[in-house]
Every structure is written in C-alpha cells, then in structure tokens.
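Asks: This is the structure I have questions about; it appears just below.
The values are calculated or read from the model by the stated rules, or taken from the named source; none is laboratory data. The structure presented is a predicted model; accordingly, all values stated were derived computationally and were not measured. Cβ atoms come from the backbone with ideal geometry, glycine included; neighbour counts cover every protein chain shown. Heavy atoms of the whole protein, side chains included, go into the accessibility calculation; ligands, DNA and RNA do not. Shrake-Rupley method; radii C 1.70, N 1.55, O 1.52, S 1.80 Å.
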Amino acid sequence: MRGKIALLTLNRPEKLNALNYETNDRLLSLLDQLEQDETTHAIVLTGAGDRAFSAGGDIHEFTKSIKRGTDEAVKEFCRRGQRMTARLEAYPKPVIAAVNGIAFGGGCEITEAVHLAVSSDRAVFAKPEINIGIPPTFGGTQRLPRLAGRKRALELLLTGDTFGPDRAHELGLVNKVVPHKDLLPAAFELAERILRHSPLAAARIITAVTRGLNMAIGEGLTVEQEQFARMCATQDIIEGLDAWIARRTPCYAGN
C-alpha cells in the first residue's frame, strides 16, 4: 500500500511472470479483498524484475489441461483467464498497468483489459498465440479490435509479430510511454490525479464506459443515466457542487 493506492506485482520473475493458475487465482483473490477495503481507492499492477510484465499464460501448465481434453482446457485455462481479465475490466476502482517489460499473450490481454496503462520505453508487446497454434484466450480477440480497429488488430493476431511501446501507444493499448526509471512514479502520478476526485464518481464512470461500450448508443445512454442517478443520492455529489460554488477544493468522503 502507498497511501490509498495498492501496488500489485505479478511475482514469478524466473518465469517472466507467466500466468499459471495459482497466480491467476491469487490475483483474483487480492482484487476481491481490495474491493472491500475502503482505504484502497486505486490499483497499480506491474511485474517483478526488469525483464517482463507478463509473458502470458504458463504454457507448460495449460498444455497438461489441453491433453486432458477440451472440457478441461476450456474450464481450467480459457474461462479462468477470461474471468480474470473481465474482473480487471469491470473493476469499480481504477486499475493502472505499469508495463515494465515483456507483455505477451495474457500479459498483453491484461494491458488491454485494465482501465489505464503506462509503458516503459523498454516494454515489448505481442499477440503470439498463433505461434503455438491457438487463438488468444483471455479476451484478446475481442478487446484488441475494439481498441485498435479490426484490421490493425488482425495483423497483430494473425502474424504474432512483436511491437514496441510507441506502436502500443499509437494503437491505444497504453496511455503513455515513459523512461523505464520513471515507470512506477508515472503510474502513481496518474493514480493520484484520479484520486483528487470522488471515488464514487470514478466507479460510476468505469461502470458506464465498460457496460456501454458494447451496447447501442441508446442503451449506453440509459446506463449513463442510471449511473448519474446513483450519484444523486450521495454526499459526494453535494460536496462537489458546494465546493465548486464556494470556489474551494472538495473533500470527498466516498459516501
């Protein structure tokens, strides 16, 4: 914990922070804990060491699942990974990826799913699943086209080619690229800029964007109205309005 910001670190540096089942489940468990922790208002997610954010799924482990049959492979590998990225995408507190190195496969899919991402200038990205004869399984076929556009996403998905942080920024995969030594400070600075505002309003914005993105505009506007209506019953909206009228800095209590 750093104030109101939790730093979560994918911690298998000897395996390039590959996402084995234990790591995946541990991440979900910590996200559950932090959601209930009223002192946590944002999360920064990074990888241990200087080489990798995450090299993706643990191939040795999920190969065993595949050899046990389709049902086991889908349940143990695909659904588990999709559950994790969906949780990050819809998480009610801002999640910022600090991409410190290799972000391949599942590591790239985490970057796609989180709300915001800052990349080291040393980071390298790829959608390499096609190299081992599978499509992406943690949401990469769905989120990357929504971020980058269909043709640009398909080029990356069908070639498996690596690409650098500037390309990731161009595609909308990350918000900014910074020198490696500045990565965590930049991620925390971004989080602090968000924490100036009501945590309830941040949650409502995340919900409206996440749910509305896959709806027709009319349905999405209904979601927006619903999220606004939820804020109307809070003290934070009164504090924000009163502070604006009085020309003072608001002090949000998160209720």
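Asks: Residues of the chain: accessible area per residue at 1.4 Å, in Å²?
Replies: 52
Asks: Write out the trypsin sites (Lys or Arg not before Pro) in segment 15-52 meeting two conditions: DSSP loop, and at most 16 other Cβ atoms within 10 Å of their Cβ.
Replies: 51
Asks: Residue 147 to residue 247: extension gain in nm, 0.36 nm per residue of separation minus the Cα-Cα distance? Walk me through the intermediate numbers first.
Replies: Values: separation 100, 0.36 × 100 = 36.00 nm, distance 3.77 nm.
Here the segment from residue 147 to residue 247 would lengthen by 32.2 nm.
Asks: Please compute the Kirkwood hydrodynamic radius of the chain from all pairs of different C-alpha atoms, in Å with one decimal.
Replies: In the chain this quantity evaluates to 19.1 Å.
Asks: Further question on the same structure: If the reach is capped at under 29 angstrom between alpha carbons, list the lysines near residue 127, excluding any in the same chain fewer than eight residues apart.
Replies: Partners found: 15, 64, 67, 75, 93, 151, 176, 181.
Asks: Could I ask something else about it? How far apart, in nm, are two points set 7 Å out from the Cα along the Cα-to-Cβ line at residue 70 and at residue 26?
Replies: 3.4
Asks: Share of the chain's accessible area from carbon and sulfur, percent, 1.4 Å?
Replies: Roughly 55 percent, rounded to a whole number.
Asks: Please turn the phi angles of segment 109-114 into ³J(HN,Hα) values with the Karplus equation 6.51 cos²θ - 1.76 cosθ + 1.60 (θ = phi - 60°), one per residue in order, whole Hz, x for glycine and proline.
Replies: Karplus values, whole Hz, x for Gly and Pro: 5, 4, 4, 5, 7, 5.
Asks: What is the ratio of the Cα radius of gyration of segment 134-255 to 2.2 N^0.38 Å, with N the residue count, to two decimals? Each step should come with its number before you reach the end.
Replies: On the way: Rg = 19.0 Å, N = 122, 2.2 N^0.38 = 13.7 Å.
So segment 134-255 has a normalised radius of gyration of 1.39.
Asks: For a quick check, take a GNM of the chain with Cα springs below 10 Å and name the residue from 30, 147, 45 with the largest mean-square fluctuation.
Replies: 30
Asks: Loop only per DSSP, at most 15 neighbouring Cβ atoms within 10 Å: give me the trypsin sites (Lys or Arg not before Pro) in segment 167-238, ordered by residue number.
Replies: Loop-located and lightly packed - 196.
Asks: Taking the chain as a Gaussian network, where each spring joins two C-alpha atoms under 10 Å apart, which residue of 198, 120, 29 fluctuates the most?
Replies: 29
Asks: Report the Stokes-Einstein translational diffusion coefficient (µm² s⁻¹, integer) for segment 36-138, Rh taken as the Kirkwood radius over Cα pairs, at 10 °C with viscosity 1.306 mPa s. Walk me through the numbers before you get to the answer.
Replies: Values: Rh = 14.5 Å.
Rounded, D is 110 µm²/s.
Asks: Find the relative contact order for segment 138-192 and round it to a whole percent, using C-alpha pairs within less than 8 Å whose residues are 6+ positions apart.
Replies: The value is 25 percent.
Asks: Quick one: how many Å² of residue 251 are accessible to a 1.4 Å probe, rounded to 10?
Replies: Rounded to the nearest 10, the figure is 100 Å².
Asks: Find how many whole Å separate the alpha carbon centroid of segment 77-110 from the alpha carbon centroid of segment 42-57.
Replies: Their Cα centres are 10 Å away from one another.
Asks: Over the chain, what is the mean sequence separation of C-alpha contacts under 8 Å (at least six apart), divided by residue count, expressed as relative contact order in percent? Could you put the intermediate results ahead of the total?
Replies: Details: 444 pairs, mean separation 41.7, N = 255.
Computed over the chain, the figure is 16 percent.
Asks: In addition: Using the Cβ atoms and a cut-off under 15 Å, what net charge is assigned to the surroundings of residue 190, where Lys and Arg are +1 and Asp and Glu are -1? If you can, show how the numbers build up before the last one.
Replies: Details: positive: 2, 4, 93, 176, 193, 196; negative: 182, 189, 192.
Result for the local shell: +3.
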